[in-house]
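The values are calculated or read from the model by the stated rules, or taken from the named source; none is laboratory data. What you see is a predicted model, and the numbers here were worked out from it, not measured in a lab. Note that we place each Cβ from the backbone using ideal geometry, even for glycine, and neighbour counts take in every protein chain shown. Note: accessible area is taken over every heavy atom of the protein model, side chains too, but ligands, DNA and RNA are not part of it. Shrake-Rupley method; radii C 1.70, N 1.55, O 1.52, S 1.80 Å.
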Amino acid sequence: EADTKRGLIPRSIEQIFNFKRYLENMGWVFHITVSVCEIYVDQVRDLLLQGEENVVKGEKLTLKDLNSIEDWNKVHELAKMKRSVAETMCNEKSSRSHCIFQINIHGRNSHTNAERNGALNLIDLAGSERVSKSKVEEERLKETISINKSLTALKSVIAALVSTNSSKPNYIPYRDSVLTFHLQNYLGGDSKTLMFVNISPILSSFSESSSSLKFAADVNLCYLQGND
């Protein structure tokens, strides 16, 4: 039963290492690294950086080598321990930030010298909140405003990416939030994005669930320009 409750992130890591072992039999050698950050009140925080001061200056994040699932488990536990969470009226352990796990994979075939590079971003977005329900104040209120603002910016970016018949490229507002600016290389171009939207079955959460489903419907219309 515990295995069936595993989320998307641990299942993805398991798949990566399964395919790594399979391709190694064909002469491929891989170097896999991971960085973990959270977007907290318009700041990028490095969750793998030692010490209390972990606000990133520039774009350089701490990289950890991943040679096994055990390495991943250590990274995940460290990041979970350092991520910003707090209690609100809606959630006993509410995520106060968006968390981004970036897996970078470099592969080289020892037989053909072919090389491949790829990046997989596994992102846990904080849920949007209504202040009237969460009853947050002061620091929690700042967090809520930042979360909602960045989700709105993400929606605007996705809306701008929706296919049009115009030959003129759309302006994509990546710079409207730290979240979208940080992810701009992985939302457009030849990237592929899969989003899961979680909703609550509770009737009192109908308004939030309805809004989330509308967001999901808008995302589902997204088509990257230049792709077939």
**OP:** Determine if the stretch 53-63 includes at least one residue that is at pLDDT below 90, surrounded by 14 or more Cβ atoms within 10 Å (Cβ to Cβ) and out of contact with any strand residue (DSSP E or B) (no Cβ under 9 Å at 6 or more places or on another chain).
**Re:** no
Original post:
Among the residues of the stretch 212-228, how many are modelled with pLDDT of 80 or more and surrounded by 15 or more Cβ atoms within 10 Å (Cβ to Cβ)?
Top reply: 2
Subject >> Subset of the stretch 78-117 [assigned to a loop (DSSP other than H, G, I, E, B), surrounded by 14 or more Cβ atoms within 10 Å (Cβ to Cβ) and modelled with pLDDT of 90 or more] >> reply: Ser97
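To keep it simple, each residue is scored yes or no on (1) open to solvent by less than 20 Å² (accessible area, probe 1.4 Å); (2) under 22 Å from the mean Cα position of the chain (by Cα); (3) at negative phi.
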| site | (1), (2), (3) |
| --- | --- |
| Phe17 | yes, yes, yes |
| Asn25 | no, no, yes |
| Arg45 | no, yes, yes |
| Leu49 | no, yes, yes |
| Asp65 | no, yes, yes |
| Glu70 | no, yes, yes |
